[in-house]
Ligand SMILES: Nc1nc2c(ncn2[C@@H]2O[C@H](COP(=O)(O)OP(=O)(O)OP(=O)(O)O)[C@@H](O)[C@H]2O)c(=O)[nH]1
Ligand SMILES: [Mg+2]
C-alpha cells in the first residue's frame, strides 16, 4: 500500500452542488500541495479545512475547500485529503486527471474501505456493513447495516468465540498440566452444557440472520394463477397504481410485470405473471413457462383463485405444487356470487376482492408473518448480513454439532479440541480474523468507486 490513490467519492452522475475527491496514501498531502494555491496547506495541522484554488500551471480549474487529515486518525489510517470542488462531472474529472498526472493512481472499487480493513481500523464484517449501508433501501435495512458498522454484530460473534476459547483453554490445561487434573478435570459431563449453549446461540443467530436477509433485500412475491382470475388487478390494487394491463380477455398478461412497495419497513417486490393454462399460442406459452419459473425462484407465491368460478383441474395441480413451498391462497372476486367449492390446502386462505380492496391489508400482513418479520421496530436488528457470513456460521454450527455427537460417544475430550478450534476459526472468518487475500479482494471489488 505504498501507492496514493484518488477517486471521486460523491455520486457525480447528474447535478449536485459539490463533489468530493478523496485521496489516500503516503503522498496524499504532497500531491495535493502541487496543485493547490494555498501555500500553508502542507504544513497545516491535521483535521483542518483550507480554502484556495486548484490550478494547472496558471490556469484556475476550480475554487475549492480542502480537508486535511493526517494518519492515523482517518478513514484508511493513512494520510487522507478530501477536495470539495464544484458539482458536475467535468470539474471533478479534470481535478482527478491532474492528481493522476502528479503521481496519484486511480482507486479500485472499494479500495478506501479495503485499506481501512487491511490497516486494522475496521474488521471484515464492519466493512461489509458499510456496503450494506450504502445500498440500504429501507429504514430497517439501514438499522441492520449500522449495527454492523458500529460493531454490535461483531460483538455477538466475539462473545461466542470467547466461549469456545474458554473451552479450548480448559482442555489445553488438562493436556499440558496433568498434575492439576484432580482439580480441573475436564469431563464429558462438564463440557456438554457449554457446547449446547454455543449450539443454541449459533442456531438463533443463523435463523434470525436468514430472516434478516429479507429485511435487507426485501421479499420477492410471485402472483400466479389461471387466466382472468385477477392477478394483474391484484398487483395494481396492492401498488395503488395501474401498472399492469387489466382486461376481461383471458391471456392478457404475456410477460412479467413487477412493482415494489414498502410495508412496515419491508420492501415487498410483487411479480405479476401470465395466467397458467395449456395453450397453443407461442407467445402465451413462453409467458406460462416464465410464470412457472418465477414461482420457483420467488421467496413466496400468492396463488389467486376466482370465487366466481369452480376450481379447474389445472388449479388443483397448482394447489398441489405449492404445498411444499411458502405460499398464500388469495380467493379473489368475493364481491361476486360464490361458485368456488371448498379448497383443501395446508396454506392460509385469504378471501378478498381487488375491486372492493377487501383482504389486501390482510394479505400484506400475512407475508410479513410468514417471514417472522412483524414488530421489526422493537427488534434490535443485530444480524449477519450476507450469505458469506451466514454460511460460515452454518459451518461453525455443523462442526459444533459433530463435537456434541462425538462427546456423547465418549471420544476423549482432547480429541474434540481440534474441531472446536475449527468452529472457532470459521467464526473468525466472519469478522476477517483469518482471511485469505483472494476473499478480501473479492469482497471489496463489489464496492462502488471512491468508498
Ligand atoms: N368483480 C370483480 N372483478 C374483478 C376483480 N378483480 C379483477 N376483476 C376483473 O377480472 C378480469 C380479469 O382481471 P385481470 O387482472 O386482467 O386478470 P389476470 O389474472 O391478470 O388475467 P391474465 O393476465 O389473462 O392471466 C378483469 O375484467 C377485472 O376487472 C374483483 O375483485 N371483482
Ligand atoms: Mg394479467
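The values are calculated or read from the model by the stated rules, or taken from the named source; none is laboratory data. Note that the coordinates shown come from a computational prediction; the quantities given were computed from them, not determined experimentally. Cβ coordinates were reconstructed from backbone atoms using ideal geometry, including for glycine residues, and neighbour counts include every protein chain displayed.
Is there any pair linking a residue in segment 248-272 that is closer than 16 Å to residue 367 by Cβ to one that is within 16 Å of ligand 1 (Cβ to nearest atom) and part of a loop (DSSP other than H, G, I, E, B), with Cβ under 7 Å and at least six apart or on different chains, and which?
259/243; 271/256; 272/244; 272/253; 272/256
Looking only at residues in segment 320-350 that are more than 18 Å from residue 222 (Cα to Cα) and within 16 Å of ligand 1 (Cβ to nearest atom), which one is surrounded by the fewest Cβ atoms within 10 Å (Cβ to Cβ)?
337
Determine whether segment 191-209 contains at least one residue that is closer than 22 Å to residue 283 by Cβ, in contact with a helix residue (DSSP H, G or I) (Cβ under 7 Å, 6 or more places away or on another chain) and surrounded by 15 or more Cβ atoms within 10 Å (Cβ to Cβ).
no
Please determine whether any residue of segment 50-60 is within 35 Å of the chain's Cα centre (by Cα) and free of Cβ contacts under 8 Å to residues at least 12 places away in the same chain.
No - not one qualifying residue is present in segment 50-60.
Can you name the residue in segment 111-129 that is under 13 Å from the mean Cα position of the chain (by Cα) and buried (at least 22 other Cβ atoms within 10 Å of the Cβ) and is also nearest to residue 21 (Cα to Cα) among such residues?
In this case the residue turns out to be 127.
Among (1) within 23 Å of residue 370 (Cβ to Cβ); (2) modelled with pLDDT under 90; (3) within 16 Å of ligand 2 (Cβ to nearest atom), there is one condition residue 303 misses while meeting the rest; what is its number?
Result: residue 303 fails condition (2) only.
Suppose we filter 222, 298 for residues that are crowded, with 22+ Cβ neighbours inside 10 Å, within 25 Å of residue 386 (Cβ to Cβ), within 14 Å of ligand 2 (Cβ to nearest atom) and within 24 Å of the chain's Cα centre (by Cα); which single one remains?
When all the criteria are applied, what remains is 222.
For residue 229, which of the numbered conditions (1) in contact (Cβ under 8 Å) with a residue 24 or more places away in the chain; (2) surrounded by fewer than 23 Cβ atoms within 10 Å (Cβ to Cβ); (3) part of a loop (DSSP other than H, G, I, E, B); (4) near ligand 1 (Cβ under 6 Å from one of its atoms) fails to hold?
Here residue 229 meets the rest and fails (2).
If you go through segment 278-288 one residue at a time, do you hit one that is surrounded by fewer than 19 Cβ atoms within 10 Å (Cβ to Cβ), in the same structural domain as residue 330 (by TED's automatic domain parsing) and under 26 Å from residue 349 (Cβ atoms)?
yes
Yes/no per residue for (1) more than 28 Å from residue 190 (Cα to Cα); (2) at pLDDT below 85; (3) part of a loop (DSSP other than H, G, I, E, B):
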site: 380; (1), (2), (3): yes, yes, yes
site: 389; (1), (2), (3): yes, no, no
site: 395; (1), (2), (3): no, no, no
site: 406; (1), (2), (3): no, no, no
site: 411; (1), (2), (3): no, no, yes
site: 420; (1), (2), (3): no, no, no
site: 424; (1), (2), (3): no, no, no
site: 433; (1), (2), (3): yes, yes, yes
